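K.L.:
My questions all concern the structure below.
The values are calculated or read from the model by the stated rules, or taken from the named source; none is laboratory data. The shown structure was predicted, so the numbers you read here are calculated from the model rather than taken from an experiment. Reconstructed Cβ throughout: ideal geometry from the backbone, glycine too, with neighbour counts over all protein chains shown.
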Amino acid sequence: MNRREFLLAAASAAAVLPALSFSGKLFATPANAPRFLLVFLRGGYDCNNLLVPHGSDFYYASRPTLAIARPDPGNPDSAIALDANWGLNPVLRDSIYPLWQRKQIAFVPFAGTDDLSRSHFETQDNIESGEPTANRGGFRSGFLARLAGALPGTPPIAFTKSLPLSFQGATTDIPNISLKGDTKSHFDARQSAILSQMYQGTSLAAATADGLALPNTVSQDLRDEMVHARRGAPSAKGFASETQRIATLMRDRYRLGFIDIGGWDTHVNQGSVTGGLANNLRNLGDGLAAYADALGDEWNNTVVVVISEFGRTFRENGDKGTDHGHGTVHWVLGGKVNGGRIAGEQIVVNQQNLLQDRDYPVLNNYRDVLGGVLGRVWGLSGSQLQSVFPASKPKDLQLV
C-alpha cells in the first residue's frame with residue numbers, strides 16, 4: 001500500500017476497509033476464535049408481527065388490521081409455520097427461514113428487561129449498562145466493555161458513528177466506525193489516535209500519520225476518484241451492504257462487535273406484510289443472511305444476538321400502529337447455534353397473561369439469557385459472568 005492508496009483509504013470512514021483489511025495481516029487473531037455480534041434494534045420493534053402467535057385467537061381479535069394470517073400453503077402472505085403456536089413473518093421467507101430450516105436460528109419470546117418505564121432512552125441505557133435496574137451505579141459502564149475486559153485477546157469494535165454506552169467504561173480504548181458509505185465522513189480525534197496506534201512500529205506508520213493529518217473534509221477530486229473506482233457498483237445503501245463489510249472486519253480482525261439499527265418505533269400505519277415494519281424486517285433479514293454468507297466457514301464460529309429495548313403493545317392502536325410495550329423476542333443465530341426452536345420460558349398468549357392487560361410479560365431476563373449465551377461461547381466462569389452482568393442469574397438455554 002503506497003501513500004496515495006492510504007490517503008484514499010483514510011479519507012473517509014466508509015473507505016477504511018482497504019487499510020483495515022490489509023492490517024488483518026499484521027494484527028491477525030486466530031481464525032477459529034469465537035465471534036459475537038450484538039444487533040440492537042432501537043425504537044422497540046413489534047415482535048408480535050415477527051414471531052406470529054398464530055395459535056392465539058386473542059392475537060387476531062386484538063389486531064384487526066395488523067394481524068398476519070394463519071399459516072396457509074395457498075396464501076403467500078400468511079405466516080410461515082414454525083410449530084403449532086408460532087409462525088414467521090413471510091417477508092423473511094428467503095432470508096431467515098432458511099436459517100431456521102438449517103437449525104441456525106432460535107427465537108426467545110417473553111424476553112427483555114425489568115425496566116417498566118417504557119421510555120426508549122431509559123430502557124436502552126438500562127440494557128446497554130447490563131446492571132440490575134434497582135442497583136445501577138450509573139451509565140458510565142457498559143456490559144460489552146466489561147466483557148471485553150474479561151476476554152484479553154478478543155478485539156472489540158462498534159460499527160457506529162459514536163461509541164455506544166455498551167462499550168463505554170473499558171480499560172482500553174475501543175474503536176468505533178460507521179460503515180454507512182458516506183464519503184464525507186471522517187475519523188474524529190479519538191479514532192485517529194486508535195488508528196495511529198495500530199500502525200505504530202510498522203512500515204505504514206509514516207503513511208498513517210500523513211493521511212490522518214489531512215483536513216477533515218475530503219477534496220472533491222478524491223471523492224470523484226473514489227466514485228470512479230467503484231466502476232458503477234452501487235453505493236453502500238441498506239443493512240445488507242453494511243453487514244458484508246462488517247463480516248470482512250469480523251472475519252479478519254475483530255471478535256466482539258456491536259451495531260444498532262433505528263426506525264422501529266411504529267406508532268402509525270405499521271402494516272403487516274407490507275409497510276414500514278415489513279420493510280425493516282426484510283432489510284434486517286437480508287442483512288443477517290448476507291452476514292452469514294460473507295463469513296463463509298467462520299459462520300460456524302459466530303453467534304449473533306438481536307435485541308430491542310422493549311416490544312410493543314399487544315393490541316393495535318387507533319392509528320393502525322402499536323405503542324411502547326414491554327416483553328419482546330430475542331434472536332440467536334449462528335452456524336453452530338442449537339436452533340430451529342422457540343427457546344426459554346413461555347406462557348399461553350391470551351388476555352389473562354398480558355402484563356397490565358397490554359404487553360407481553362418478561363419471563364426471560366435479557367441479562368440472564370445473554371449471560372448464558374456468552375458463558376457458552378467463551379466458557380466464562382461464574383465470577384466472570386458476574387463481572388459482566390452483576391447480580392444476574394445466567395440461564396443456559398443450550399442455545400450454543
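Rundown of residues vs (1) within 23 Å of V304 (Cβ to Cβ); (2) surrounded by fewer than 22 Cβ atoms within 10 Å (Cβ to Cβ); (3) in contact with a strand residue (DSSP E or B) (Cβ under 8 Å, 6 or more places away or on another chain), yes/no style:
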| position | (1), (2), (3) |
| --- | --- |
| L38 | yes, no, yes |
| L50 | yes, no, yes |
| D57 | no, yes, no |
| R63 | no, yes, no |
| L66 | no, no, no |
| P73 | no, yes, no |
| P76 | no, yes, no |
| N89 | yes, no, yes |
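K.L.:
Looking at this structure, is G340 at pLDDT 95 or above and farther than 15 Å from N48 by Cα?
P.N.:
Yes, satisfied.
K.L.:
Restricting to region 119-150, count the residues that are under 22 Å from R255 (Cβ atoms), assigned to a loop (DSSP other than H, G, I, E, B) and without any contact (Cβ under 8 Å) to a residue 60 or more places away in the chain.
P.N.:
Looking only at that region, the number is 2.
K.L.:
Next up: Any chance region 111-118 includes a residue that's among the aliphatic types (A, V, I, L, M) and not in a loop (DSSP other than H, G, I, E, B)?
P.N.:
yes
K.L.:
Anything in region 348-400 that is among the aliphatic types (A, V, I, L, M), touching a Lys or Arg at 6+ places or on another chain (Cβ under 7 Å) and not in a loop (DSSP other than H, G, I, E, B)? List them, or say none.
P.N.:
Once the filter is applied, which keeps residues that are among the aliphatic types (A, V, I, L, M), touching a Lys or Arg at 6+ places or on another chain (Cβ under 7 Å) and not in a loop (DSSP other than H, G, I, E, B), region 348-400 yields V369, V388.
K.L.:
Here is a further query. Can you go through L385, L370, L380 and tell me which one is out of contact with any Pro (no Cβ under 7 Å at 6 or more places or on another chain) and either over 15 Å from D114 (Cβ atoms) or among the basic types (K, R) (or both)? It would help to see each step written out before you state the result.
P.N.:
Values: L385 fails: out of contact with any Pro (no Cβ under 7 Å at 6 or more places or on another chain); L370 fails: either over 15 Å from D114 (Cβ atoms) or among the basic types (K, R) (or both).
It is L380.
K.L.:
Within the set of pairs 6+ apart or on separate chains, which have a first residue in region 308-331 that is touching a residue at least 24 places away in the same chain (Cβ under 8 Å) and over 20 Å from I261 (Cα atoms), a second that is of a type in the set (F, W, Y) and surrounded by 24 or more Cβ atoms within 10 Å (Cβ to Cβ), and C-beta atoms under 8 Å apart?
P.N.:
Close Cβ pairs (under 8 Å, with a partner that is of a type in the set (F, W, Y) and surrounded by 24 or more Cβ atoms within 10 Å (Cβ to Cβ)) amount to F314/Y360.
K.L.:
Another question about this same structure. In region 308-326, which residues are out of contact with any Ser or Thr (no Cβ under 7 Å at 6 or more places or on another chain) and surrounded by fewer than 23 Cβ atoms within 10 Å (Cβ to Cβ)?
P.N.:
N317, G318, D319, H324
K.L.:
Which one is farthest from G285 (Cα to Cα), of the residues in region 66-96 that are in a loop (DSSP other than H, G, I, E, B) and touching a Pro at 6+ places or on another chain (Cβ under 7 Å)?
P.N.:
N85
K.L.:
When the residues of region 383-400 are filtered to those that are more than 21 Å from the chain's Cα centre (by Cα) and in contact (Cβ under 8 Å) with a residue 12 or more places away in the chain, which remaining residue is nearest to E131 (Cα to Cα)? Give the steps one after another, and end with the answer.
P.N.:
Taking region 383-400 first, the residues more than 21 Å from the chain's Cα centre (by Cα) are 383-384, 386-387, 390-393.
Filter once more, so that each one left must be in contact (Cβ under 8 Å) with a residue 12 or more places away in the chain: 384, 387, 390-393.
Numbers: Q384: 14, S387: 10, P390: 6, A391: 8, S392: 8, K393: 12 Å.
Top of the filtered list is P390.
K.L.:
Could you check how many residues of region 342-364 are buried (at least 19 other Cβ atoms within 10 Å of the Cβ) and within 20 Å of P394 (Cα to Cα)?
P.N.:
Going through region 342-364 one residue at a time, the tally reaches 4.
K.L.:
Still on this structure, please answer the following. Can you tell me how many residues within region 320-334 are touching a strand residue (DSSP E or B) at 6+ places or on another chain (Cβ under 6 Å) and over 18 Å from H120 (Cα atoms)? Let's see the steps before the verdict.
P.N.:
Filtering region 320-334 for residues touching a strand residue (DSSP E or B) at 6+ places or on another chain (Cβ under 6 Å) gives 322, 325-334.
Going one step further and asking which of them are over 18 Å from H120 (Cα atoms), we end up with 331-334.
Number of matching residues: 4.
K.L.:
Which residues, counting only those in region 70-98, are under 20 Å from the mean Cα position of the chain (by Cα) and either among the β-branched types (V, I, T) or more than 16 Å from G340 (Cα to Cα) (or both)?
P.N.:
Across region 70-98, the qualifying residues are V91, I96.
K.L.:
Do you know which residues across region 243-259 are modelled with pLDDT under 95 and among the charged types (D, E, K, R)?
P.N.:
R245, R251, D252, R253
K.L.:
Return the residue satisfying two criteria in turn: it lies in region 97-110 and is out of contact with any Leu (no Cβ under 9 Å at 6 or more places or on another chain) and outside any loop (DSSP other than H, G, I, E, B), and of such residues it is nearest to L281 (Cα to Cα).
P.N.:
Among those residues, the one meeting the criterion is P98.
K.L.:
Being within 25 Å of L88 (Cβ to Cβ), modelled with pLDDT under 90 and surrounded by fewer than 19 Cβ atoms within 10 Å (Cβ to Cβ): is that true of G262 here?
P.N.:
Values: within 25 Å of L88 (Cβ to Cβ): yes; modelled with pLDDT under 90: yes; surrounded by fewer than 19 Cβ atoms within 10 Å (Cβ to Cβ): yes.
Against the criterion (within 25 Å of L88 (Cβ to Cβ), modelled with pLDDT under 90 and surrounded by fewer than 19 Cβ atoms within 10 Å (Cβ to Cβ)), G262 qualifies.
K.L.:
Need pairs with beta-carbon distance below 7 Å; first residue basic (K, R) and within region 72-97, second surrounded by 12 or more Cβ atoms within 10 Å (Cβ to Cβ); sequence gap 6+ or separate chains.
P.N.:
Filtered contacts from region 72-97: R93/I80.
K.L.:
Would you confirm, using the coordinates I've provided, whether G339 is of a type outside the set (S, T, Y), touching a residue at least 12 places away in the same chain (Cβ under 8 Å), more than 23 Å from A391 (Cα to Cα) and in contact with a Ser or Thr (Cβ under 6 Å, 6 or more places away or on another chain)? Talk me through it step by step, then tell me what you get.
P.N.:
On the way: of a type outside the set (S, T, Y): yes; touching a residue at least 12 places away in the same chain (Cβ under 8 Å): yes; more than 23 Å from A391 (Cα to Cα): yes; in contact with a Ser or Thr (Cβ under 6 Å, 6 or more places away or on another chain): no.
When the stated conditions are applied, G339 does not pass them.
K.L.:
Could you identify the single residue in A31, A19 that is at pLDDT below 95 and either basic (K, R) or not in a loop (DSSP other than H, G, I, E, B) (or both)?
P.N.:
A19
K.L.:
While we're on this one: So which of H326, H330 is within 22 Å of the chain's Cα centre (by Cα) and assigned to a strand (DSSP E or B)? Spell out the reasoning first.
P.N.:
Numbers: H326 fails: assigned to a strand (DSSP E or B).
When all the criteria are applied, what remains is H330.
K.L.:
Hey, among the residues in region 265-284 that are within 17 Å of S95 (Cβ to Cβ) and either among the charged types (D, E, K, R) or within 21 Å of the chain's Cα centre (by Cα) (or both), which one's surrounded by the fewest Cβ atoms within 10 Å (Cβ to Cβ)? Please lay out each step first, then the result.
P.N.:
Residues of region 265-284 within 17 Å of S95 (Cβ to Cβ): 273-274, 277-284.
Retained after the next criterion (residues that are either among the charged types (D, E, K, R) or within 21 Å of the chain's Cα centre (by Cα) (or both)): 277-284.
Numbers: L277: 26, A278: 19, N279: 13, N280: 22, L281: 23, R282: 21, N283: 17, L284: 25.
So, considering only residues that are within 17 Å of S95 (Cβ to Cβ) and either among the charged types (D, E, K, R) or within 21 Å of the chain's Cα centre (by Cα) (or both), the one surrounded by the fewest Cβ atoms within 10 Å (Cβ to Cβ) is N279.
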